[in-house]
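Engineer: Structure provided below as structure tokens; questions to follow.
Bear in mind that the values in this text are calculations on the coordinates, not laboratory data. Nothing here was measured: the structure is a model prediction, and the numbers come from that model. No Cβ is skipped: glycine too gets one built from the backbone with ideal geometry, and neighbour counts run over all protein chains shown.
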Amino acid sequence: MNIDAPPFVSVIIPVFNDSERLQHCLQALEQQTYPDGAYKVIVVDNASDDDVEATVDPFLHASMVVETQRGSYAARNTGVKIAKGSILAFTDADCIPSPDWIEKGVQSLQSIQNCGLVAGKIQFSYQDPLRPNSIELCDSVLYLQQDLYLKYSKFGATANIFTFKEVFSEVGLFDSSLKSGGDYEWGQRVFAAGYQQLYSEDAYVSHPARYSFQQLYKKILRTTRGPFDLSRKNTYSLRKFARDIARDIFPPFKTFARAHVDNQQQKIHFWFVLTFIKHLTALERLKAQLKLG
């Protein structure tokens, strides 16, 4: 046996009616620097209306299974159950992994002892890379901040995480009853079990920023109802709810600074849009907690 052989990696991607973007994701995964025979991509079709199988078939590294229970966490669990190898990587159909994503993710996972979770960087892309609109900028500074997720909440978004399969044996699968927040809840279990968690700048994926208010509002509704579902499972406390409300209402100086907007007129417009979005998030969070929505 070759003791220097790289560990086998199973990449798990849930998809629901997103075949066009899935195709770009799979193309990026075909061109990885990781050895050809050392990884496999498992696409879990969450009962889509479009022809996911026709999208997956041309790709040598990819195979498809179907999970009829609606929800991305149920789909990911199906992928975990059939995955081969010691390492599992997760991304989403709308993400484009960098060419060395698997290689860098595995390196990060093996870089410290007892590592249970690596959260890779999520780099936002814009319709016009030189002139992102204010909604795109809001999305890019409010969500998918993997370094902050890991530092303050001990989890990584499943758009880009690596772990060992044995970690699922230890802490259990994702909570398939959750529509949002399942990555937070699972990450909390990983941390509580005593595993180390690591952020990786190098293992990055590209993710398109939401560019319309309607798209961002759907995200707000989903993410504010996720913590309410968690509160019924005693994993989202009233104390954390109060902190989140206060963070949403407080002027977003630090969040604003992360956007690096140069144009003065755009800075003013972005500030008002960002403040409105944060206050709207606080309102929807309160409505979810009070069962008004």
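Engineer: Once you have a ≥ b ≥ c as the square roots of the Cα gyration tensor eigenvalues for segment 89-242, tell me rounded if a/c is under 1.5, and otherwise prolate or oblate according to whether a/b is larger than b/c.
Structural biologist: Since a/c reaches 1.5 but b/c is at least a/b, the shape of segment 89-242 is classed as oblate.
Engineer: Could you tell me how far the Cα centroid of segment 125-153 sits from the Cα centroid of segment 154-213, in Å?
Structural biologist: 18 Å
Engineer: Using unit Cβ charges (K, R positive; D, E negative) and no other charged atoms, how large, in debye to the nearest 20, is the dipole of the chain about its Cα centre?
Structural biologist: Dipole magnitude for the chain comes out near 1740 debye.
Engineer: Taking the Cβ of ALA209 as the centre, find all other residues whose Cβ is under 15 Å away and add up their charges (Lys, Arg: +1; Asp, Glu: -1).
Structural biologist: +2
Engineer: Tell me, what ³J(HN,Hα) does each residue in segment 49-57 have, in order and in whole Hz, if you take phi through Karplus 6.51 cos²θ - 1.76 cosθ + 1.60 with θ = phi - 60° and put x for Gly and Pro?
Structural biologist: Per residue, the Karplus-derived 3J(HN,Hα) values read 8, 8, 8, 5, 4, 5, 6, 7, 3 Hz.
Engineer: Please report the relative contact order for segment 70-209, taking Cα pairs under 8 Å with a sequence separation of at least 6, and give it as a percent rounded to a whole number.
Structural biologist: Reported relative contact order: 45 percent.
Engineer: Right, here's the next one. With θ set to phi - 60° and the Karplus curve 6.51 cos²θ - 1.76 cosθ + 1.60, what are the ³J(HN,Hα) couplings of segment 27-35 in order, to the nearest whole Hz, using x for Gly and Pro?
Structural biologist: Per-residue couplings from phi come out as 4, 5, 6, 5, 10, 6, 6, 5, x Hz.
Engineer: While we're looking at this one, here's another question. Pull up all non-local amide H partners of LEU117: gap of 5 or more, or a different chain, and H-to-H distance under 5 Å with H placed in the peptide plane.
Structural biologist: Excluding prolines and chain starts, which carry no amide H, the hits are LEU198.
Engineer: Please turn the phi angles of segment 253-265 into ³J(HN,Hα) values with the Karplus equation 6.51 cos²θ - 1.76 cosθ + 1.60 (θ = phi - 60°), one per residue in order, whole Hz, x for glycine and proline.
Structural biologist: 5, 5, 5, 4, 5, 6, 7, 6, 8, 9, 6, 4, 5
Engineer: For segment 24-59 and segment 267-291, write down the distance between their C-alpha centroids in whole Å.
Structural biologist: Using only Cα atoms, the two centres lie 37 Å from each other.
Engineer: Further question: Once you've got the Cα coordinates, tell me which of LYS219/LYS287; LYS218/LYS254; LYS84/LYS218; LYS104/LYS179; LYS151/LYS278 are over 26 Å apart.
Structural biologist: Over 26 Å Cα-Cα: LYS84/LYS218; LYS104/LYS179.
Engineer: Under 18 Å Cα-Cα from LYS291, which aspartates and glutamates qualify once same-chain neighbours fewer than 8 residues away are excluded?
Structural biologist: LYS291 reaches ASP229, ASP244.
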